[in-house]
Amino acid sequence: MLSTADRQRLVTRASLLTISVNVTLTLARGAAGWLSGSTAVLADAANSGTDILATLVVLGGARIAAQPPDPGHPYGHEKAEPVAAKIVGLIVAFAGAMVALGALGTLRTGGAEEVGALAAWVTGASIIIKEILARHLIGVARHTENEALMADASNQRTDVLASAAALVGALGARMGIPVLDPAMGLVVSALILRMGLSLYWRSVNNLMDPAPEPETMTALRSAAAGVAGVVSVDELKARLFGSGIYVDCKVCVNAQLTVEEGHRIAHEVKQACRAAAAGVRDVLVHVNPCSALGRRPGD
């Protein structure tokens, strides 16, 4: 399992790469749009600017999440990641709304303008670069289990969709089908809006401390039950906290055991749960006494 420092290092490196790529593409698209007089390509350049903002949010979230626990945040700051993902989701939804407004504006004017060869080549190249970047971010996000970085990867892919729609629309204008551009724009805007809202609601759900996957819960319960001295697992709950998992477990042990023996069993349960699932940060174990006659009153 990656340490907090390693996770931050990988996320920071990926975020800085994303910012560098988007700064370069913003300048290239802006220059191509200005030289060709294409407002569509200039708008595409502005969209890359919002991508830089989204990545800065991810970078800030990673830095906050890496901070150690303090008296005001005894469980750490890892929820900064879903908070950052929530903001990125809103940025993606905003970008989708802007694409829809642009498509409606083009539809009112009768269709897309023709795009020069330079602008078309720059747009085509940016589509390929952004798709490669999105796939790289997805890989890093999965490796680091960083929800905000995964949201940023989805954000980069929205740029691919928007640029592809603009390019198809421009080619449609050259072929005498100017209405193709706004039609593609409306379809893509719907996809982007759906993606943004999905990212938003997913991050909201993660902020509500959901349980891990059923397979993880089964592995945790089996690990606790398999510890020598555990008669039964009375209750086992777990919640996601950022990229970590916190477990609460109640186990039943022989009522005749000493406090020291009960403590030893609880420690072994804790270690077993940590080993059973990646990302387990802490396990709180409560020991209940039990005997052949049943559990004592009040437990």
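The values are calculated or read from the model by the stated rules, or taken from the named source; none is laboratory data. Owing to the predicted nature of the structure, the values given are computational and were not obtained by experimental measurement. Here Cβ is always computed from backbone atoms with ideal geometry, including for glycine, and neighbour counts include all displayed protein chains.
A few remarks follow.
- When Gly262 is tested against the conditions (1) crowded, with 16+ Cβ neighbours inside 10 Å; (2) farther than 13 Å from Gly229 by Cβ, the lone failure is (2).
- Conditions (1) in contact with a Cys (Cβ under 6 Å, 6 or more places away or on another chain); (2) in a loop (DSSP other than H, G, I, E, B): number failed by Ala223: (2)
- Residue match in the range 231-238 (condition: free of Cβ contacts under 8 Å to residues at least 24 places away in the same chain and either closer than 29 Å to Ala65 by Cα or buried (at least 19 other Cβ atoms within 10 Å of the Cβ) (or both)): yes
- Verdict on Thr26 being surrounded by fewer than 21 Cβ atoms within 10 Å (Cβ to Cβ), of a type outside the set (A, V, I, L, M) and either farther than 20 Å from Asp152 by Cα or modelled with pLDDT under 75 (or both): no
- Some residue of the range 204-212 being in contact with a Ser or Thr (Cβ under 8 Å, 6 or more places away or on another chain) and in contact (Cβ under 8 Å) with a residue 12 or more places away in the chain: no
- In the set Leu240, Leu199, Leu193, only one residue is assigned to a strand (DSSP E or B) and within 27 Å of Asn155 (Cα to Cα); that residue is Leu240.
- Test: residue in the range 177-189 that is of a type in the set (S, T, N, Q), surrounded by 15 or more Cβ atoms within 10 Å (Cβ to Cβ) and in contact with a helix residue (DSSP H, G or I) (Cβ under 7 Å, 6 or more places away or on another chain): yes
- Test: residue in the range 280-297 that is surrounded by fewer than 16 Cβ atoms within 10 Å (Cβ to Cβ) and assigned to a helix (DSSP H, G or I): no
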